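What follows is calculated from the coordinates using simple rules that are stated; it is not laboratory data. Keep in mind that this is a model prediction, so the values were computed, not measured. As a convention, Cβ positions derive from the backbone with ideal geometry for all residues, glycine included, and neighbour counts pool all protein chains shown.
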């Protein structure tokens with residue numbers, strides 16, 4: 001984990017057996033500054049293998065247990081059904097939709113008292 005500035009945390013995701021780079025995951029202030037957002041980016045080669053689910057779940061757990069956050073959000077394009085399913089699988093609920101980055105975005109939310117680590 002690397003904390004580059006206050007309230008921002010970044011991790012590199014690597015494959016255990018050979019340390020190959022898979023992607024990045026971070027916690028940072030949301031666009032509107034009202035709460036903390038979890039973001040993740042994996043190389044397409046690694047999509048569909050469960051790495052994002054494991055990484056996001058671990059960071060949600062870290063946010064709630066180590067940082068004592070009460071709420072966490074995630075943002076993805078409405079059309080990104082795989083990412084939306086991943087967030088829902090981890091217990092996040094659709095909170096609202098916004099227009100940003102030239103596309104409709106889905107904002108998901110989870111509260112500490114509703115998170116069950118898988």
Determine the distance separating the Cα centre of segment 54-110 from the Cα centre of segment 6-51; give it in Å without decimals. 12
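Sort 34-43, 95-104 by the packing proxy (mean of other Cβ within 10 Å over each peptide's residues), most packed first.
Details: 34-43: 16.6, 95-104: 11.2.
Put in order of decreasing packing, that is 34-43, 95-104.
Sequence gap at least 6, Cα distance under 8 Å: using those rules, report the relative contact order of segment 38-93 to the nearest whole percent.
On the way: 25 pairs, mean separation 20.2, N = 56.
Reported relative contact order: 36 percent.
For segment 26-81, what does the alpha-carbon gyration tensor say about shape, rounded, prolate or oblate, given a ≥ b ≥ c as the root eigenvalues, a/c under 1.5 as rounded, and a/b over b/c as prolate? Numbers along the way, then the final one.
Numbers: a/c = 2.62, a/b = 1.41, b/c = 1.86.
Oblate is the answer for segment 26-81, as a/c is 1.5 or above yet b/c matches or exceeds a/b.
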Here are several values of volume of the Cα convex hull per residue in Å³: (1) 115; (2) 135; (3) 92. Which one was derived from the coordinates shown? (1)
Given labels modelled 7 Å from the Cα in the Cβ direction, how far is it in nm from residue 61 to residue 111? 2.3
Taking the highest mean first, how do the peptides 11-17, 58-64 order by number of other beta carbon atoms within 10 angstrom per residue? 58-64, 11-17
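R0 = 41 Å: FRET efficiency of residue 34 with residue 12, Cβ-based, nearest 0.05? All intermediate terms of the calculation are to be shown ahead of the outcome.
Working: r = 28 Å, r/R0 = 0.67.
Working from the Cβ atoms, E equals 0.90.
For the chain, what is the mean residue ellipticity at 222 nm derived from helices alone (per DSSP H run of n ≥ 4: -39500 (n - 2.57); sum divided by total residues; nearest 500 deg cm²/dmol)? Please list the in-between numbers first.
On the way: 2 runs with 24 residues, N = 118.
After summing the helix terms and dividing by the residues of the chain, the value is -6500 deg cm²/dmol.
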Once label points are set 7 Å from the Cα along Cα→Cβ at both residue 104 and residue 19, what is their separation, rounded to one decimal in nm? 4.5
At R0 = 22 Å the Cβ-Cβ FRET efficiency linking residue 77 and residue 46, nearest 0.05, sits at 0.70
